[in-house]
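None of the figures in this text is laboratory data; all of them are computed from the coordinates on show. Computed from a predicted structure; not experimentally measured. Cβ: placed from backbone, ideal geometry, glycine included. Neighbour counts: every protein chain shown.
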Amino acid sequence: MTQMTNNRVLLSDLAGSPFGLDRTEAYQVWRQQKLEQSPDVADLIVAVENPFQLSTMEKSRIQGLCRRCNAAIYKVSDSYPSTDKELVQQLGLQFGLSHLDDNLRSDEDDITSLAVTEQQGNQYIPYTNRPLSWHTDGYYNSPQQQVRGFILHCAQPAAEGGENSLIDHERVYMRLRDENLAYIQALMHPEAMTIPPNIDAGAEIRGVCVGPVFSIDAQTGSLHMRYSARKRNIEWRNDELTREAVDLITQILDIDDLAYKYRLKAGEGVICNNILHKRSGFNDSQDETRLMYRARYFDRVADTGLNQQT
């Protein structure tokens, strides 16, 4: 019987899934298809005429990319103002993205406006112009509230810098598994990665979060990853295999040909199944102040799950 824990399926119990640890043949078939279907960064860009009412072809292209590499970049027509937050919400709804993560410092509509901001108390890097290291969104969320998809929309780019890099987490899984199957087993351990409580001025804002790096979404059969390359405030399970696996992830993320690098322009955005991403540092000017809208969802992009593909 398949075992489930907080909407996660244990990898070792996946009969017929390429992510089952003993399903070598299924994994090899999936792996080959994954490599053959991997698009270039230019192929990720989908022009969108009306973001409030996508055409069948526009929606199909975006979903197709999210099946192949878990991400797409949309480019909205100049007819629509890039600063319209409603655009982001309505775009998401057309892909089944409706359950927003009401995270710390999100706006009243649960969509976060990311810009350089003067902060009191704990300093959060997304609200600075400093680089952001590799991570998946909401890696500190509880197992019951995992972020499975997000939209990052560019309302206004910085004067210089602010390039985004994206890596499909399934490609990282593939590299780890090809190196040593035991690394996957270590990273799916329910205590593989611990995020300590978030405490500000003596008050606990968020409790401790313990969970695996890799898990399987029970509804779609798809691979989910929670990860941060931060050295501080991350506690890894104290065993040799976990340490080796984490070190190998660091090496994999430095492989240039795995990353999609793209500097979003006004009216462009990323829609994805919470893949690994980072951001370079940037500088604003008086006339060009970077503003991004970030919408995090507990949903995946609709009809892009492993058991939803034909």
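A few comments on the model shown:
- Additional length obtainable on full extension of the chain from Ile234 to Ala218, 0.36 nm per residue less Cα span: 3.2 nm
- The dipole here belongs to the stretch 31-151: it is taken about the Cα centre, uses +1 on the Cβ of Lys and Arg and -1 on the Cβ of Asp and Glu, and is about 640 debye.
- Oblate is the label for the chain, because a/c, from the alpha-carbon gyration tensor with a ≥ b ≥ c as root eigenvalues, is 1.5 or above and a/b does not exceed b/c.
- Given charges at beta-carbon only (K, R positive; D, E negative), |dipole| of the chain in Debye: 360 debye
- Shape parameters for the stretch 125-272, alpha-carbon atoms, Rg then Dmax in Å: 16.3, 46
- Contact order relative to length of the chain, as percent, for alpha carbon pairs under 8 angstrom and 6 or more apart: 31 percent
- Taken one residue at a time, the phi angles of the stretch 95-102 give Karplus couplings (6.51, -1.76, 1.60, θ = phi - 60°) of 10, x, 8, 10, 9, 6, 7, 7 Hz. Gly and Pro are set to x.
- Hydrodynamic analysis of the stretch 172-257 uses the Kirkwood radius over alpha carbon pairs. Inserted into Stokes-Einstein at 37 °C and 0.692 mPa s, it gives a translational diffusion coefficient of 234 µm²/s.
- Charge dipole (the chain, unit charges on Cβ, about Cα centre) - positive-most of His135, Ala229, Ile252: Ile252
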